[in-house]
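Values quoted throughout were computed directly from the atomic coordinates according to the rules given, and no laboratory measurement underlies them. What you see is a predicted model; the values in this text were computed from it and never measured. Counting neighbours? That spans all protein chains shown, and the Cβs are built from the backbone with ideal geometry, glycine included.
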Amino acid sequence: MALQLGDTAPDFTTDTSQGELSFHDWAGDSWVVLFSHPADFTPVCTTELGRVAQLNDEWNARGVKTIAVSVDSADDHVKWIADINEFGKTDVGYPIIADPEKSVAEAYDMIHPGEGDTSSVRSVFIIDPAKKVRLTMTYPKSVGRNFDEILRAVDALQTTDKAAVSTPVDWKQGDRVIVPPTVSTADAKEKYDDVEEHFPYLRTTTGPKQG
Ligand code: BEZ
């Protein structure tokens, strides 16, 4: 069965472009964005992996480690990184997992036979410091991902973990958030700042009162 939200992210020991690692140990106390791509030396993938490297400061600011995976070898990954760096004017500092046996791809259900062959599709797993799968996305091989959206999703997860709130459509850091429907508007006005009642079930706020 496919991994579901709230499941523990499967652990594995693997070769990567940076040598062998054990996934849970490598993740440590960080959030992780684990993302697969179909193959090295392919165009969409080259743009995607460069973008992830360009966003390095953004991942660091959120305590996120990134790690890529495809069914190619570590030697191929190392050779390909030179192209990614040249095209993206960047420096890939994160590991790329070598998965020729497809054990990581199978554990994370990244191979979708309807997508043409036995390479991985473009899967994304956002994993929290407790190693729980918190958000997944699956893109077909022909469609490059938007990593700004993945950063936004990390922001939303971290915000909703810190306080009892939800995030509305298109929310971004600093925007108003939503008071849980289980809290009455009267209680919300005591617990949250600047509460606005749009409907009895839809109340927005700048966030919980501090102190
Ligand atoms: C690409 O990265 O361009 C790509 C790789 C595999 C299938 C389709 C596109």
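Take segment 105-115 and flag every residue that is under 19 Å from residue 11 (Cβ atoms) and in contact with a Pro (Cβ under 8 Å, 6 or more places away or on another chain).
Those that are under 19 Å from residue 11 (Cβ atoms) and in contact with a Pro (Cβ under 8 Å, 6 or more places away or on another chain): 107, 108.
Given the structure, is residue 44 part of a helix (DSSP H, G or I) and within 16 Å of the ligand (Cβ to nearest atom)?
yes
For segment 152-184, which positions are acidic (Asp, Glu) and outside any loop (DSSP other than H, G, I, E, B)?
155, 161
Among the small types (Gly, Ala, Ser), more than 30 Å from residue 9 (Cα to Cα), in a loop (DSSP other than H, G, I, E, B) and free of Cβ contacts under 8 Å to residues at least 24 places away in the same chain - does that describe any residue in segment 185-207?
Checked against the condition, which is being among the small types (Gly, Ala, Ser), more than 30 Å from residue 9 (Cα to Cα), in a loop (DSSP other than H, G, I, E, B) and free of Cβ contacts under 8 Å to residues at least 24 places away in the same chain, segment 185-207 yields no hits at all.
Being within 16 Å of the ligand (Cβ to nearest atom) and in contact (Cβ under 8 Å) with a residue 60 or more places away in the chain is the filter; apply it to segment 144-174 and report the residue that is farthest from residue 62 (Cα to Cα).
144
Pairs under 9 Å by beta carbon, first residue in contact (Cβ under 8 Å) with a residue 40 or more places away in the chain in segment 112-124, partner outside any loop (DSSP other than H, G, I, E, B) and within 8 Å of the ligand (Cβ to nearest atom), six or more apart or different chains?
Correct list of pairs: 122/44; 122/45; 122/48.
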